[in-house]
Amino acid sequence: MALHIFSKAFSVQLMKMLFECSEERMDLELISFCINLAANKRNAQLISEGNGLKMLMKRALKFKDPLLMKMIRNISQHDGPTKNIFIDYVGDLAAQIGPDEEEEFVIECLGTLANLTIPDLDWELVLKEYNLVPYLKDRLKPGSAEDDLMLEVVIMLGTVSMDDSCAAMLAKSGIIPALIELLNEAPAYLIDLMHDKNAEIRKVCDNTLDIIAEYDEEWAKKIQSEKFRWHNSQWLEMVENRQMDEGEPYMYGDDGIEPYIHEGDILERPDLFYSADGMIPSDGAISPDFFNDFHVQNGDMVGHQLFTGSMGVDGNVPPAGVPGRPTTAYGYRPDEPFYYGYGSR
């Protein structure tokens, strides 16, 4: 059903269904349907004709019904003759604004008042008579109210400030610094919304932050940094993980290895060196000269015996008293014969 197709007969029947509800809270499906219908200007006019708005307002105020007040709020948003009907109910709505009322109901009442952009309305008188300035000012403090209520307070202040005398009164009340403080927190909130799942919300936040960055150099740097982190999050995560991996060796300083590698010169640690045959002791107390008279062949100690069968560098047998070429550190495999003589190198 198209919401703009709404006849007078249907509006009468709908209103009859609404007011036949004997319970404080109306049927959820019925009131939800009416809330959506009231968002259409033509439908709102038909509902408000005669005593329609008066009956809705009376029931909403009697039962403090936030859903019914939401329907009334939707009616109040339309420009034209319908909005002027609300002048008679400004005092009733203002009387609901206070700390003792349910917040959900107050939000709808504030929203309805904020919609009443009527030039001839004396907002200064309304705020004074119902002592609304302290309440509105307190709700602007960070953490003092839910975001929905704080938003309606800001919109309400925008509406009443259209009255010059009311704007001057608000300026003297000290409410402007509270608005500035709230404004200073807005960029941080918008930065959080940059990562919202909704693409439209991300787009609005991105555009708003660009405007803020043009006028505030400090916030421009923060916004630029956050945008960089957001657009390059995968790359930054990889870099951070790599830095953690490179730092892992420093996490094991108690295993006896790290001090040798990172805290001193390895050449100053003779206990770390061993000959191919494993003869030099680890304590470094015995000089290597002690082993000059010993020779090792295939891992076996052979005392003063020379390797007479090994060849010198020039291919000749070295003279007596000159040791031959040393055996490789790995020795020979047990299953292969020993070869002494010329061979390829």
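At-a-glance table
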read-out	value
Shape parameters for the stretch 3-121, alpha-carbon atoms, Rg then Dmax in Å	13.5, 41
Of Lys8/Lys64; Lys41/Lys70; Lys41/Lys197; Lys8/Lys83; Lys41/Lys83, those spanning more than 21 Å from alpha-carbon to alpha-carbon	Lys8/Lys64; Lys41/Lys197
The stretch 186-240: Cα Rg divided by the 2.2 N^0.38 Å rule of thumb	1.15
Separation of alpha-carbon centers, the stretch 21-77 and the stretch 150-188, rounded to whole Å	29 Å
Simple Cβ-charge dipole of the stretch 8-185, Lys/Arg +1 and Asp/Glu -1, about Cα centre, in debye nearest 20	600 debye
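Every number here is computed from the coordinates shown, using simple stated rules; none is lab data. Only a predicted model underlies this, so the values are computations on that prediction, with no experimental measurement involved. All Cβ positions, glycine included, derive from the backbone under ideal geometry; neighbour counts span all protein chains shown.
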